[in-house]
């Protein structure tokens, strides 16, 4: 067989990613569990913090719901991306990855399909969260540019956690282990952060972790933007974290993917 | 046309310390149906995974459709279809969508997909279920869809890894029918199974694998003749009776199991042989507890070639 031209290869790659992306999209509306997880979990968290715990939490300025929104958004994205872990682990277990690997396609197109699906899922989820927030008293002060930056941040953060999630899915031995690995990674990242409470009252060690980990920077950046304030250094830290995670995760995920079954 | 569709020479593969393939030699001619017969852990799946580019061998030469595995795995992927041990179809998509997706991933043109998908659905008797999500399918239907997915690109070589495992007898027959149709189209089929009957029904040639080596390679007829057509198994009440019967019973392919007080042998003449043996037992006053007549199984093939039961191990 003659070696294909670069142009032909690029066309096929685009085709493969598109096909697998459409597959992920179909999962969003054909898999009711996914649909429910997407909407109910963040809404429950929002109601929990807004009405059950929120009254007892003191924030420095503004109302608690305005403080909370950025946290709920970022937590929704973080946990939402675990869908990628779960889908990849499921594909592995069902032998779908094996079959896809025997096709004449680029191996990482498979993961791109899942990650791209996450982008759509998380965008949908973010819209639902914001609408829900507006219903329970959220008053954003952001102008159009600030909204655009928020959207960009949510996209970048989704890409970062989705690639991390892909690694978790590939590393997990069983479907059951996916849920606890995901929980083990996402729980400290979202709760030991400034997502739901100010970090001031945390013990020193925890506070150091909380104030310097990526989720806090992203939450603080989005929070400042929704409140129409300068997000100063948080925005830059958030961008650097996200890009760094993406740059490191993609080759790791690709390596694990190729390795799978090829031990 | 090239002489061989698949060529395997001195293929070796170990997982950590465990040698799974210890030098496999095997060739398959174009259009031939080769069945690789062996127990769990004999190395069947490992061979399929190597041939379908999923696994790198430690050493040895592998040529598939004229392409060398070492340097041309991408070309091999263009010429094969794999149906693995698991039904690798998407639960949430419909049968139609699954085939369409596979067609696009094989880079078929839209018109080719439009033409082939309905044809395959019809061929595999899935027209009615075509637009239902696969999660509503029965095990047999999933298997059929899985087979169809491996055929969408009309590959010249198809690998089927235990295509009828975990199927009920009716679905098994249906899958056999579809495999037979493939064969009539001149596709080279490489399939694995644990059942002699399956090998017998489908294969032109049967290769028996045990402990990582091919121990026999012949037509199903010749293998079966070697193993004997039917086997008679006698179980005795007491170990004394068992010991005495062992002296009296003469026959070919005679095996005994001391723990179970049982003796089994090949019978050539069916009922006549049984009568003769029972008469002799009666004369000697030996009590036979149970008597069964059964068709040869994989175990018998192994008994024949190795003199012991099939080795079970990790797959």
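The values are calculated or read from the model by the stated rules, or taken from the named source; none is laboratory data. Just so it is clear, the structure is predicted and the values come from calculations on it, not from any experiment. In this analysis, Cβ positions are derived from the backbone assuming ideal geometry, glycine residues included, and neighbour counts consider all displayed protein chains.
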Do we have residue B:75 as more than 25 Å from the chain's Cα centre (by Cα) and modelled with pLDDT under 90 here? yes
Could you check region A:129-224 for helices (runs of 4 or more DSSP H) lying wholly inside it with 2 or more residues that are in contact with a helix residue (DSSP H, G or I) (Cβ under 7 Å, 6 or more places away or on another chain) and within 21 Å of residue A:249 (Cβ to Cβ)? A:144-171, A:175-191
Residue within region A:136-156 that is closer than 26 Å to residue A:91 by Cα, out of contact with any strand residue (DSSP E or B) (no Cβ under 6 Å at 6 or more places or on another chain) and modelled with pLDDT of 90 or more present: yes
Go through (1) closer than 24 Å to residue B:85 by Cβ; (2) within 13 Å of another protein chain (Cβ to nearest Cβ); (3) within 16 Å of the chain's Cα centre (by Cα) for residue A:111 and report which single condition fails. (2)
Is it true that some residue in region B:29-46 is buried (at least 22 other Cβ atoms within 10 Å of the Cβ), modelled with pLDDT of 90 or more and within 14 Å of chain A (Cβ to nearest Cβ)? yes
Give region B:201-222 a look and list any residue that's more than 20 Å from residue B:43 (Cα to Cα) and crowded, with 19+ Cβ neighbours inside 10 Å, or say none. B:202, B:220
What's the number of the condition residue A:90 fails, among (1) surrounded by fewer than 22 Cβ atoms within 10 Å (Cβ to Cβ); (2) farther than 17 Å from residue A:257 by Cα? (2)
Looking at (1) farther than 30 Å from residue B:46 by Cβ; (2) at pLDDT below 90; (3) within 20 Å of the chain's Cα centre (by Cα); (4) not assigned by the TED database to the domain that holds residue A:137, find the lone condition where residue A:233 falls short. (3)
Is it true that residue B:105 is facing another protein chain (nearest Cβ under 8 Å), under 21 Å from residue A:106 (Cβ atoms), crowded, with 18+ Cβ neighbours inside 10 Å and out of contact with any strand residue (DSSP E or B) (no Cβ under 9 Å at 6 or more places or on another chain)? yes
Cβ contacts < 7 Å: first residue facing chain A (nearest Cβ under 7 Å), restricted to region B:50-65; second residue buried (at least 17 other Cβ atoms within 10 Å of the Cβ) and in a strand (DSSP E or B), any location; separation 6+ or different chain. Result? B:52/B:80; B:52/B:82; B:52/B:159
Tell me, please, whether a residue that is loosely packed, with under 15 Cβ neighbours inside 10 Å, within 14 Å of chain B (Cβ to nearest Cβ) and either farther than 15 Å from residue A:115 by Cα or within 16 Å of the chain's Cα centre (by Cα) (or both) can be found in region A:180-191. no
Surrounded by 19 or more Cβ atoms within 10 Å (Cβ to Cβ) and closer than 26 Å to residue A:18 by Cβ: which single residue out of B:110, B:77 fits that description? B:77
Do we have any residue at all in region B:163-180 that's touching a residue at least 24 places away in the same chain (Cβ under 8 Å) and part of a strand (DSSP E or B)? no
Quick check: anything in region B:227-245 touching a residue at least 24 places away in the same chain (Cβ under 8 Å), part of a loop (DSSP other than H, G, I, E, B) and under 17 Å from residue B:300 (Cβ atoms)? yes
So how many residues does region B:86-95 have that are within 22 Å of the chain's Cα centre (by Cα) and more than 7 Å from chain A (Cβ to nearest Cβ)? 2
